[in-house]
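What follows is a short report on a single structure.
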Amino acid sequence: MPAAVSPEIPAQRQDLAFVLYPYRKSPDQDAAPRRHKVVVVGAGPVGLAAALDLGRQGVPVLVLDDNEGIGEGSRAICFSKRCLEICDRLGAGQAMLDKGVVWNVGKVFRDDRLIYDFNLLPEDGHAFPAFINLQQPYFEKFLIDAIRAEQAQGAPIEIRGRNRVDALTRHDDHVTLGVNTPDGTYGIEADWLIACDGARSPLRGMLGLGFDGRVFEDNFLIADVKMQADFPTERWFWFEPHFKSGDSALLHKQPDGVWRIDFQLGWNIDRKRELEPDRVRARVSAMLGPDVAYDLVWTSIYTFQCRRMDRFRHGRVIFAGDAAHQVSPFGARGANSGIQDVDNLVWKLKAVITGQAPDRLLDSYDAERVHGADENILNSTRSTDFITPKTPMSKMFRNAVLDLAETVPFARTIVNSGRLSVPCTYDGSALNGPDAPGLPARTRPGSPCPDAPLANDWLLRHLGNGFTLLTIDADAPDQLTADGQTVPRLALSARANPALRSRYLGEAQTAVYLIRPDQHVAARWTSFDARAVSAALARALGRDLDLEPARCN
């Protein structure tokens, strides 16, 4: 099911699960509580990405999950360009791209008429497309494959299946956990705990922490069907579809000949009845036509909320993904935003653990990712209100916009069939350093670095895991050393590279960028100044900076 979904009816389990971390008794179960550096609770996409990132950088991490592998059904399927770029840094992106169904084009219909179409990545010069469709079980499996490869090279990552956390106590310098297994309970300690245990987060409940936001009164049916069809690999969305199978409908192609169909059912429905195979088939057949043969693979009914915790950091316990925030599935912001959470968190946690940064740097995780969650919730709420108008007046407005959109281009910007996920820019972050005039707005401090083609490679593959000094046609030393931190230089020229020029130079002739380990811009100048770069580095690491109440603008 989509990452932000709260299921009302259990999914009908017809897929095979990947059992990848079967239960094995651990030596911890027969010993006094052992201290671990970092414990991640939850082995979904977000928890696995966090563990993989930590382990690749040499930080010991233990993952606890109450299952033994990956669940059934498509669930989250749309993974964005930024998410794939992060996974590529972690060693899993190419496998996801190879398996996934690539798409950049979406089409919006009303009744049986095409209103308009759009291209989410009309610009050339990127390693990854706007989106791929890939069933969540595959996404998780590729992260597990990358973890296994890192473990073979000695990375300190451990995953324990059927280890359910039933108790949590916070202390000033660690947390203690009570863990339930088939062989009984045991206790462990952790310097740091990352809670990635999903929308219903038992850990959040153990700490008595709430969720604020809005619950949407609507139901949506997912039907995964396997068929041979000649539909193009595009995102198709219908308002008031002519096949009368729901108030709206969505069609996506997935790997292995599986197609994902979502039907909007309304609020007052008999959920059990709607999941009956004959009733599901009636809806699917009305959409596809009577002559299309298909098999039902997986079905589920979901509702959703747009809400978040007030704070994502609570001392030594840090929440990420659905455990920290939820959005509707429209726009593919659930899993994608969760991956961005841990991309933001892991480098900061490593810097604190290794003594390169003060503890307060982790408060910037809260500030920046709360900003990201609010941005996602705003866009997700707007999408949902447009798709599911709740008053006659709002429906009249929605339908008037759809009427105009067929012939009037400006109205198409108002149509909202699910504004799709884009990476968050941390405008106003306390970590941002100085900016320079004349450089492109898209690469201002706080923004994620756009990719660009290099000779036989891609720019983003030279960034990440540590700070980088990116110079474009500018003089600078090969590396900068400041306050015990060494920052290597990546020297590039835009003279024969139009993408570098448009994305990083703009009106300037030269540029110097300080890039964070999560590939976001920390600061930029038109020429190198060692003292200015050192000051910006100190700021980005949270040194001599009051971050406690900070929020991005």
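The values are calculated or read from the model by the stated rules, or taken from the named source; none is laboratory data. All of these numbers come straight from a predicted model, not from anything done at the bench. All Cβ positions, even for glycine, are placed from backbone atoms using ideal geometry, and neighbour counts span all protein chains on display.
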Condition met for Gly106 (of a type outside the set (D, E, K, R), more than 22 Å from Val342 (Cβ to Cβ), outside the structural domain of Met206 (by TED's automatic domain parsing) and at pLDDT below 95)
yes
Mind checking which residues of region 97-118 are among the aliphatic types (A, V, I, L, M), within 25 Å of Val297 (Cα to Cα) and not in a helix (DSSP H, G or I)?
Val101, Val102
Restricting to region 446-504, name every residue that is assigned to a strand (DSSP E or B), within 29 Å of the chain's Cα centre (by Cα) and more than 29 Å from Gly355 (Cβ to Cβ).
Pro453, Leu454, Asp457, Trp458
Answer yes or no as to whether Leu362 is closer than 30 Å to Glu507 by Cβ and buried (at least 17 other Cβ atoms within 10 Å of the Cβ).
no
For the list (1) touching a residue at least 60 places away in the same chain (Cβ under 8 Å); (2) under 20 Å from Thr425 (Cβ atoms), I need the number of the one condition that Leu500 fails.
(1)
Give the residue, chosen from Leu541, Leu514, that is in contact with a Gly (Cβ under 8 Å, 6 or more places away or on another chain), of a type outside the set (Lys, Arg) and modelled with pLDDT of 95 or more.
Leu514
How many residues does region 240-263 contain that are in contact (Cβ under 8 Å) with a residue 40 or more places away in the chain and more than 23 Å from Phe131 (Cα to Cα)?
7
Somewhere in region 132-147, is a residue in a loop (DSSP other than H, G, I, E, B), outside the structural domain of Gly257 (by TED's automatic domain parsing), modelled with pLDDT of 90 or more and touching a strand residue (DSSP E or B) at 6+ places or on another chain (Cβ under 9 Å)?
yes
Output the residues belonging to region 381-429 that are of a type in the set (A, V, I, L, M), at pLDDT 90 or above, surrounded by 13 or more Cβ atoms within 10 Å (Cβ to Cβ) and over 22 Å from Leu114 (Cα atoms).
none
Exactly one of Leu251, Leu207 is surrounded by fewer than 23 Cβ atoms within 10 Å (Cβ to Cβ) and not assigned by TED's automatic domain parsing to the domain that holds Phe319, and that residue is Leu251
Check whether at least one residue in region 208-216 is without any contact (Cβ under 8 Å) to a residue 60 or more places away in the chain and either over 22 Å from the mean Cα position of the chain (by Cα) or more than 21 Å from Asn416 (Cα to Cα) (or both), and report yes or no.
yes
Among the residues of region 523-534, are any part of a loop (DSSP other than H, G, I, E, B), closer than 22 Å to Arg82 by Cα and in contact (Cβ under 8 Å) with a residue 24 or more places away in the chain?
no
Which one of Gly198, Gly208 is modelled with pLDDT of 95 or more, part of a loop (DSSP other than H, G, I, E, B) and closer than 24 Å to Gly42 by Cβ?
Gly208
Taking the stated definitions as given, is Pro329 under 26 Å from Ala229 (Cβ atoms), assigned by TED's automatic domain parsing to the domain that holds Gly55, of a type outside the set (A, V, I, L, M, F, W, C) and in a loop (DSSP other than H, G, I, E, B)?
yes
Picking from Arg160, Arg164, which residue would you name as being under 25 Å from the mean Cα position of the chain (by Cα) and either crowded, with 20+ Cβ neighbours inside 10 Å or within 17 Å of Gln57 (Cα to Cα) (or both)?
Arg160
Of the residues in region 1-29, those that are modelled with pLDDT of 95 or more and either crowded, with 21+ Cβ neighbours inside 10 Å or not aromatic (Phe, Trp, Tyr) (or both) come to Arg24, Lys25, Ser26, Pro27, Asp28, Gln29
Checking Ala373 against (1) surrounded by fewer than 21 Cβ atoms within 10 Å (Cβ to Cβ); (2) within 17 Å of Arg308 (Cβ to Cβ); (3) touching a residue at least 12 places away in the same chain (Cβ under 8 Å): exactly one of these is not met. Which one?
(1)
Take Val108 and tell me if it is surrounded by fewer than 17 Cβ atoms within 10 Å (Cβ to Cβ) and among the β-branched types (Val, Ile, Thr).
no
Condition set touching a helix residue (DSSP H, G or I) at 6+ places or on another chain (Cβ under 9 Å) and of a type outside the set (S, T, N, Q), scope region 260-284, selection surrounded by the fewest Cβ atoms within 10 Å (Cβ to Cβ): answer is Arg273
Does region 243-259 include one or more residues that are in contact with a Leu (Cβ under 8 Å, 6 or more places away or on another chain) and modelled with pLDDT of 95 or more?
no
Given the criterion touching an Asp or Glu at 6+ places or on another chain (Cβ under 9 Å) and among the charged types (D, E, K, R), identify the matching residue among Arg148, Arg113, Arg75.
Arg113
Scan region 336-367 residue by residue and report those that are of a type in the set (Asp, Glu), in a helix (DSSP H, G or I) and farther than 12 Å from Pro517 by Cα.
Asp341, Asp363, Asp366
Report whether or not Leu121 is farther than 29 Å from Gln153 by Cβ and assigned to a strand (DSSP E or B).
no
Restricting region 41-96 to residues that are under 14 Å from the mean Cα position of the chain (by Cα) and in a strand (DSSP E or B), the one nearest to Val422 (Cα to Cα) turns out to be Ser80
Hey, any hits in region 173-195 for a residue that's out of contact with any Phe, Trp or Tyr (no Cβ under 7 Å at 6 or more places or on another chain), in the same structural domain as Phe79 (by TED's automatic domain parsing) and within 30 Å of Lys99 (Cβ to Cβ)?
yes
